[in-house]
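First comes the structure, then the notes that go with it.
The values are calculated or read from the model by the stated rules, or taken from the named source; none is laboratory data. Every value quoted in this text rests on a predicted model; they were computed, and no experiment measured them. Neighbour counts run over all protein chains shown; Cβ positions are idealised from the backbone, glycine included. Quick note on the areas: whole protein, heavy atoms, side chains included, nothing else; ligands and nucleic acids left out. Shrake-Rupley method; radii C 1.70, N 1.55, O 1.52, S 1.80 Å.
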Amino acid sequence: MTYESAPNYDDAAYDGLAMHCSDGRFSRQFNDFIVSHLGLVRCDRLIVPGGPGVIGGRPDAEPDGQRVLGELTFLCEAHEIDRVVLIQHDLCMYYHAKLGATDETLRAMQLEDLACAREVVVGATGIDRVEMYIARVVGRVVVFEPARVG
Ligand SMILES: [Zn+2]
């Protein structure tokens, strides 16, 4: 049984790179935000547990961080990317399970890591358009807002 995807193959220029967590509870909302709100229809996706948190400089994330930063740098160079979007989200299990976050410390850790991740991305790629967002759960609704860091 085959399946024919409605959108045609599109070989126009890449319009960015979006990095976010792999948490399936948020996958439709991440996609909706990236495509419908940001208008990135041909962006590369770097989807890993913890999202930008893996390149935020925390020692517990370091082994993942080096590999993922290499992948990010490769994609940005190979595809001539000039815009990077970093998204963190509420209820992130990577932070709780791997980085020792609590409900009380999660947001502050994520904001700190976003600021650090932005610096790391700018330093590694030279791209200065690096945007940061937080996906919050409000009732049953996922609300995206620009991250206010440092
Ligand atoms: Zn997560």
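Filtered by the rule that a residue be open to solvent by less than 70 Å² (accessible area, probe 1.4 Å), away from the ligand (no atom under 15 Å from the Cβ) and more than 9 Å from the chain's Cα centre (by Cα), the stretch 14-25 gives 15, 16. Can you tell me which residue is nearest to the chain's Cα centre (by Cα) among those in the stretch 76-99 that are surrounded by 19 or more Cβ atoms within 10 Å (Cβ to Cβ) and away from the ligand (no atom under 14 Å from the Cβ)? Checking each candidate, the answer is 85.
Taking the stretch 34-60 as the range and being under 21 Å from residue 11 (Cβ atoms) and either away from the ligand (no atom under 14 Å from the Cβ) or surrounded by fewer than 18 Cβ atoms within 10 Å (Cβ to Cβ) (or both) as the test, the residues that pass are 34, 35, 38, 39, 40, 41, 42, 43, 44, 45. For residue 128, only one of the following conditions fails: (1) among the acidic types (Asp, Glu); (2) open to solvent by 30 Å² or more (accessible area, probe 1.4 Å); (3) in contact (Cβ under 8 Å) with a residue 24 or more places away in the chain. What is its number? Tallying (1) among the acidic types (Asp, Glu); (2) open to solvent by 30 Å² or more (accessible area, probe 1.4 Å); (3) in contact (Cβ under 8 Å) with a residue 24 or more places away in the chain, residue 128 fails exactly one: (3). If you check residue 28 against the conditions, is it surrounded by 17 or more Cβ atoms within 10 Å (Cβ to Cβ), on the phi < 0 side of the Ramachandran plot and within 16 Å of the ligand (Cβ to nearest atom)? No; evaluated as a whole, the condition is false for this residue.
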